[in-house]
Amino acid sequence: MRVLLVEDDIALAQGLQQSLRREGYSIDCVHDGKSAILAVAAGAVDLVILDLGLPDMDGLQVLRKLKAEAKQLAVLILTARDSSEDKVTGLDFGADDYLVKPFDMAELFARLRVIERRLGTVDSAVIEHNGVILDTKAHLVYLGGEPINFSRREYMIFKSLMENMGRIQSKEQLENKLYEWGEEVASNTIEVHVHHVRKKLPKDFIKTVRGVGYIVSKH
């Protein structure tokens, strides 16, 4: 999942970026509302983690503009504003979730997994299909009860395909989930990653839709 973090506390932003990368997210960061609006307008963002106390604009104003730009965009508010009125307003303005600082990282990760499931086609943190099990909480994949060793990016590709079972994932969609702004991506990078993932799975588990992308079928 491609995440945009909107947080003006530099130290907190850096810590969150490191933690989210370890959890398998591709994450970019901006520190003010105008930059967030421009980033979402440029596309390729699945979810925004939004602080409300930004230096240039109120976070709720930013939220309204983000949802006007991309109605399907998922937004998790992460803020020190803890009144019931603030929470209700944030949710009414279109946020998918609201988490108050200080917060527990495990809770943030759990909330993000819930949002990912809403965006995908599955409704469980553990996905089982044709003898393969993906545990998104533990970041583990099993085949026939034995763990499969995936690299970080192989795991991210497999997770995206499993969470969107039955939906084609294009090369561009997978690149956006794997790489952050400014990272160089070779033209055949996704094909190479998918090739390595396929070698560790049953034959035809991942199907190629020629000229479109890749899919894990529901059947």
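No value in this document is a laboratory result; all are computed from the given coordinates. Bear in mind that the values here come from a model prediction, so they are computed numbers and not experimental data. Neighbour counts are summed over all protein chains in view; Cβ atoms, including those assigned to glycine, are modelled from backbone coordinates with ideal geometry.
Output wanted: per-residue J couplings in Hz (rounded whole) for region 135-141, from phi through Karplus 6.51 cos²θ - 1.76 cosθ + 1.60, θ = phi - 60°, x for Gly and Pro.
Karplus-based 3J(HN,Hα) across region 135-141 equals 9, 6, 6, 8, 6, 10, 10 Hz.
Only helical DSSP H runs with n ≥ 4 go in: add -39500 (n - 2.57) per run for the chain, normalise by residue count and round the 222 nm mean residue ellipticity to 500 deg cm²/dmol.
Taken over the chain, the calculation gives -12000 deg cm²/dmol.
Antiparallel versus total DSSP beta bridges in the chain: what percent is that, nearest 5?
Antiparallel bridges make up about 50 percent of those DSSP assigns within the chain.
Suppose a student asked you for the relative contact order of region 128-213, using Cα pairs under 8 Å spaced at least 6 residues apart; what percent would you report?
27
Quick one: Karplus J couplings for region 202-219, per residue in order, coefficients 6.51, -1.76, 1.60, θ = phi - 60°, nearest Hz, x for Gly and Pro?
With coefficients 6.51, -1.76 and 1.60, one gets x, 4, 6, 4, 9, 9, 9, 9, 4, x, 10, x, 10, 8, 9, 6, 6, 9 Hz.
Can you count the Lys pairs in region 1-110 whose Cα atoms are under 20 Å apart, with each pair 8 or more apart or on different chains?
Step by step, the pairs that qualify in region 1-110 add up to 7.
Where does region 34-120 land on Rg/Rh, using Cα atoms and the Kirkwood Rh?
0.94
If R₀ is 41 angstrom, what is the calculated FRET efficiency for the pair Glu85 and Asn149, using the beta carbon separation as r and rounding to 0.05?
Working from the Cβ atoms, E equals 0.25.
Plugging the Kirkwood radius over Cα pairs into Stokes-Einstein for the chain, at a temperature of 25 °C and a viscosity of 0.890 mPa s, what D comes out in µm²/s?
Roughly 135 µm²/s, to the nearest whole number.
Any idea what angle helix 189-199 forms with the longest principal axis of the chain, computed on alpha-carbon atoms, 0 to 90 degrees, nearest 10?
Roughly 50 degrees, rounded to the nearest 10.
For Leu119 paired with Leu12, estimate the spin-label separation in nm (one decimal), with each label point 7 Å from Cα along the Cα-to-Cβ line.
Inter-label distance under the simple model: 2.2 nm.
Going by average Cβ density within 10 Å per residue, which order do the peptides 41-50, 197-206, 144-153 take, highest to lowest?
41-50, 197-206, 144-153
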